[in-house]
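Take a look at the structure set out below.
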Amino acid sequence: VKLTIAVPRGALFGGTLDLLDTLGIDTAEVRSNDRKLLFADAGIVTMRPSDVPTYVEHGSADIGITGKDVLLEQSQRNVYELLDLRYGRCRMVVAAGAGDPIGSALRRLGRVRIATKYPRVAARHFADTGRQAEIVEVKGSVELAPLTGLVDGIVDLTATGRTLEENGLRVVEEIGECTARLIANPVAHKLKAEQIDRVVERIRSG
Amino acid sequence: VSNSIPPGTRDVLPEEMRELRAISSGIRATFEDAGYGEVHTPALEYEEVLRRGEERAAGARYRTFDEQGDVLALRSDMTIPIARVVATRYADVEPPLRFCYFAHAWRAIERGVGEPREFLQGGLELIGAEGPEGDAEIVSLTIEALDAVGLRRHRIGIGDGSLYRTLLHELEVPEDRHMPLLECLSRRDLVGLERVVSDLPVRELLVELPSLRGGPEVLQRAEGLRALHELLEERGVADRVIFDLGLVRELGYYTGAVFEVYDPAVGFALGGGGRYDELLGRFGRELPACGIALDLQRVHQAVAAEEALA
């Protein structure tokens, strides 16, 4: 029985294909064809990282790779988080412009406005630290939101901090570190235990 | 006025109803033949009574007040109501008692779209039979019932609900670690688990145990399940079960073996259950018991998915 693997396109794509190579999975076709989505021979389906938990939870893929940021945001998903794959390292941060717009909003207005692509993570972080936050969900470049006065700060993922810097933002709080994770469907985890354990073993020892 | 129905509920039309009926008839016949009489209990119970069974009323979410101001709740499973029936209507009847049911239960939608608020369960309760004999009967009957509806590749996952907790005490893991560890386990977060135990001398065992699953070879640490395996072998269904030392069930009343039902055509469990030796005592009749509930709409999905693959 072959495993179906959900592979994230985007920032984790290269690292993930390199990892699959070390497992002896032929990724040549996946590398050469960036329009095709399903590669039946290799057992690979490619998708946005945030869709990986959906496919794995449903069992359309047995295992998958996605960022911890995605898993934090979709913490209600019923999937096993099996391994920290250690690549794709990023930080989930609160960032804001010059001065102290977040502190000042909290002092004067009692609440802060935060733009993010990670509304649950952001809401949880501010709730856990006892601060009233109004979360504004945006789909595109989050850095734009504070520049236009839409919000006082943002919660976002950053690797180098370059994009933040170029938009006049700086990190004011760190929420956590995120890396790529191997996840599994709970039923496949039992019914395809041997194949999944073999993948885990190989990655651990490699 | 909008004509919608609450998300997570559904209207069942004749075509689906016919198929669903066929499935419940097949399962009911298997259960009845094995001596499990069908019972029905009220959809509404006193919340206080449900709470006696489990502190969170087994997840019952829909509450209302009656004329006296007492809190009524829509039941979220049938196990607690049947425990109540046994303690009241069967107070003097010699065990073992065998009951089956086909009934709706209600839970809140917690995880987002597509989750049912109202679901149809078909299940078994075997009261007054000790594990592992009782457990073996429930497991093999469940396998047989799913055979009767046309599934062929289904498996039952079997774990021990108290195993990890016992291990934490045996290994003298500091008390303040227990909750975070058990939370990681129930979230199925093995990366988090590894992190929580990283500085403990017994970390390897604590990390390894929850990922042990397979045949009887994984039972070295789970003595209690070894006898169950032997009984399942005698019943000829040992190859249909997967022992899974990481299996946890959310409900708080389980005390021993826990079960989950799978079919490879679908990525979700078709049902689950386990042993609950302390539940009946809370209603005034101390008897060991175990049971299982199948989600009939999920069984239906599995039957349809298997047909599509064939």
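Nothing in this text is a laboratory measurement; each read-out follows from the coordinates by a stated rule. These numbers were taken from a predicted model, which means no experiment stands behind them. FYI the Cβ positions are ideal-geometry reconstructions off the backbone, even for glycines, and counts take in every protein chain you see.
Just subtract the alpha-carbon distance of A:R120 and A:E134 from 0.36 nm times their residue separation and send over the number in nm, one decimal.
Result: 3.9 nm gained on full extension.
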How are the Cα pair distances of the protein assembly as shown distributed, in percent, across 10 Å bins from 0? 3, 16, 24, 25, 18, 9, 3, 0
Viscosity 1.567 mPa s, temperature 4 °C: Stokes-Einstein D of the stretch B:25-176 from its Kirkwood Cα radius, in µm² per second? 73
Per-peptide average of other Cβ atoms within 10 Å, ordering B:148-156, B:100-108 highest first: B:100-108, B:148-156
Could you tell me the center-to-center distance, by alpha carbons, between the stretch B:1-51 and the stretch B:99-140 in angstrom? 11
Averaging 1/r across every pair of distinct alpha carbons in the stretch A:62-153 and inverting yields a Kirkwood hydrodynamic radius, in angstrom, of 14.7
Using the alpha-carbon centroid of each, what span in Å lies between the stretch A:33-49 and the stretch A:137-188? 26
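Report the gain in length on full extension from A:T160 to A:L147: 0.36 nm times residue separation, minus Cα-Cα distance, nm rounded to one decimal. Let's see the in-between values first.
Values: separation 13, 0.36 × 13 = 4.68 nm, distance 1.99 nm.
Stretched fully, the A:T160-A:L147 segment lengthens by 2.7 nm.
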With Cα springs under 10 Å, the Gaussian network model of chain A assigns the largest mean-square fluctuation among A:I25, A:I102, A:I114 to A:I25
Using θ = phi - 60° and the Karplus form 6.51 cos²θ - 1.76 cosθ + 1.60, what ³J(HN,Hα) does each residue of the stretch A:96-104 get, whole Hz, x for Gly and Pro? 8, x, 4, x, 9, x, 5, x, 5
When the chain is fully extended, how far beyond the present Cα-Cα distance does B:Q301 get from B:E172, taking 0.36 nm per residue of separation? 42.0 nm
Cα extents of chain B along the three principal axes, largest first, in whole Å? 61, 52, 49
Just the Cα atoms of the stretch B:1-84: what Rg and Dmax do they give in Å? 16.6, 49
Which log10 I(q)/I(0) values, to two decimals, does chain A give at q = 0.10, 0.16, 0.18 Å⁻¹ under the Debye formula with one point per Cα? -0.49, -0.99, -1.15
Signed unit charges on C-beta, dipole axis of the stretch A:132-206, positive-most listed residue A:V151, A:G206, A:V138: A:G206
Using the Kirkwood radius over Cα pairs, work out the Stokes-Einstein diffusion coefficient for the stretch A:3-75 at 25 °C and 0.890 mPa s, in µm²/s as a whole number. 201
Whole-Å distance linking the alpha carbon centroid of the stretch B:56-75 with that of the stretch A:77-96 is 40
If you place +1 on the Cβ of every Lys and Arg and -1 on the Cβ of every Asp and Glu, how big does the dipole about the Cα centre of the stretch A:43-101 come out, in debye to the nearest 20? 180
Can you work out the FRET efficiency for the pair B:E250 and A:T22, with r the C-beta to C-beta distance and R0 = 56 Å, to the nearest 0.05? 0.95
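Which order do the peptides A:31-43, B:14-26 come out in when sorted by mean C-beta neighbours inside 10 angstrom, highest first?
Details: A:31-43: 11.7, B:14-26: 14.2.
Peptide ranking by packing, descending: B:14-26, A:31-43.
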